[in-house]
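Working notes for the structure below.
The values are calculated or read from the model by the stated rules, or taken from the named source; none is laboratory data. Values in this document were obtained by computation on a predicted structure and should not be read as measured data. Cβ atoms come from the backbone with ideal geometry, glycine included; neighbour counts cover every protein chain shown.
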Amino acid sequence: MSDLIRHEFIVILLSYFLGAIPFSHLIARWRAGINIREHGEGNAGARNVYHVVGPLWGTLVAVLDVGKGLAAYLIASRMALDPTTVLVAGFAAPLGHGFSPFLRFRGGKGVATTVGFLLGLQPWPTLAGALLYGLAYFLLHDFNRAIVVGVVGVIFLPLLFGDSPRQVAYTLFLFLMLAVIKIIDHAHERAVWARDPWRSGSPGFHPEEPEVQPETRDMRPGV
């Protein structure tokens with residue numbers, strides 16, 4: 001292996017391990033003493049922490065997950081000798097989040113980590129997509145629909161900012177990878193959701209409500 005290949009491989013590996021830092025798991029353990037993947041939607045991510053542990057801690061996880069994605073971009077863009085390595089690092093960071101060696105190669109979907117990386121790679125389209133998400137949430141009061149609007153914006157808005165169609169294709173493939181991670185983890189998420197759902201709200205991938213056992217009444221006279 002040449003020195004160049006070894007160097008670029010180390011850059012990609014660093015991005016992977018940055019993405020693999022399980023902030024949601026660590027904060028849920030610290031604040032509630034729980035394994036976050038065994039509660040709520042079964043996902044090691046900010047939204048699950050928000051609903052299960054508390055809004056403050058979920059927001060903190062979101063900031064940290066975006067931060068590690070941005071850090072992966074900044075490190076890769078400064079260390080990589082080949083621009084292609086930076087693009088590969090964009091896949092490595094959310095893969096680390098979804099398949100973290102610190103969680104026995106399980107994790108979360110990686111949306112926040114991906115957004116963090118894109119915040120470095122294409123800052124203005126990503127910020128505009130975030131504003132679209134905020135506007136959609138304000139109008140629809142539905143996180144799931146709003147996040148779809150935001151993701152579509154992040155994917156296609158680079159064209160309005162003068163980026164090439166290749167940038168759109170790259171961003172599209174990033175989010176398609178996240179969809180694959182979601183599909184892989186779907187059975188686990190459904191099983192966890194069935195036994196311990198959020199008290200309010202829906203992840204969007206479980207449209208049916210958890211079964212609620214009807215209350216039984218004691219029909220004995222005088223009771």
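Okay, residues lined up against (1) in contact with a Phe, Trp or Tyr (Cβ under 7 Å, 6 or more places away or on another chain); (2) hydroxyl-bearing (Ser, Thr, Tyr); (3) modelled with pLDDT of 95 or more:
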| site | (1), (2), (3) |
| --- | --- |
| Leu4 | no, no, no |
| Leu26 | no, no, yes |
| Gly33 | no, no, yes |
| Asp65 | yes, no, yes |
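Yes/no matrix, rows are residues, columns are (1) surrounded by 19 or more Cβ atoms within 10 Å (Cβ to Cβ); (2) in contact (Cβ under 8 Å) with a residue 60 or more places away in the chain; (3) not basic (Lys, Arg):
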site: Thr84; (1), (2), (3): no, no, yes
site: Ala89; (1), (2), (3): yes, yes, yes
site: Ala92; (1), (2), (3): yes, yes, yes
site: Val115; (1), (2), (3): yes, no, yes
site: Leu119; (1), (2), (3): yes, no, yes
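Which members of segment 20-32 meet the condition of being assigned to a helix (DSSP H, G or I), surrounded by 14 or more Cβ atoms within 10 Å (Cβ to Cβ) and either among the aromatic types (Phe, Trp, Tyr) or out of contact with any Asp or Glu (no Cβ under 9 Å at 6 or more places or on another chain) (or both)?
If the condition is that a residue be assigned to a helix (DSSP H, G or I), surrounded by 14 or more Cβ atoms within 10 Å (Cβ to Cβ) and either among the aromatic types (Phe, Trp, Tyr) or out of contact with any Asp or Glu (no Cβ under 9 Å at 6 or more places or on another chain) (or both), then Phe23, His25, Leu26, Ile27, Ala28, Arg29, Arg31, Ala32 are the ones that fit.
With respect to Ala76, is the statement that it is within 16 Å of Val111 (Cα to Cα) and either touching a Gly at 6+ places or on another chain (Cβ under 9 Å) or charged (D, E, K, R) (or both) true?
no
Report, by residue number, each residue of segment 124-181 that is closer than 22 Å to His97 by Cα and of a type in the set (S, T, N, Q).
Passing the criteria: Thr126, Asn144, Thr171.
Does segment 14-32 hold any residues that are more than 19 Å from the chain's Cα centre (by Cα) and of a type in the set (A, V, I, L, M), and which are they?
Matches in segment 14-32: Ala32 only.
If only one of Gly129, Gly153 is under 17 Å from Ala62 (Cβ atoms) and modelled with pLDDT of 95 or more, which one is it?
When all the criteria are applied, what remains is Gly129.
Quick check on Asn35: is it surrounded by fewer than 21 Cβ atoms within 10 Å (Cβ to Cβ) and within 24 Å of Ala187 (Cα to Cα)?
Yes; evaluated as a whole, the condition is true for this residue.
Give the residue, chosen from Ala80, Ala62, that is in contact (Cβ under 8 Å) with a residue 40 or more places away in the chain and out of contact with any Asp or Glu (no Cβ under 8 Å at 6 or more places or on another chain).
Going through Ala80, Ala62 in turn, the sole match is Ala62.
Looking at segment 30-45, I want the residues that are free of Cβ contacts under 8 Å to residues at least 24 places away in the same chain and have a partner that is among the aromatic types (Phe, Trp, Tyr) and assigned to a helix (DSSP H, G or I) with Cβ atoms under 9 Å, at least 6 apart or on another chain. Which pairs are those?
Partner pairs satisfying both residue conditions: Trp30/Trp57; Ala32/Trp57.
Condition test on Leu60, is it out of contact with any Ser or Thr (no Cβ under 9 Å at 6 or more places or on another chain), of a type outside the set (Phe, Trp, Tyr) and surrounded by fewer than 18 Cβ atoms within 10 Å (Cβ to Cβ)?
No, not satisfied.
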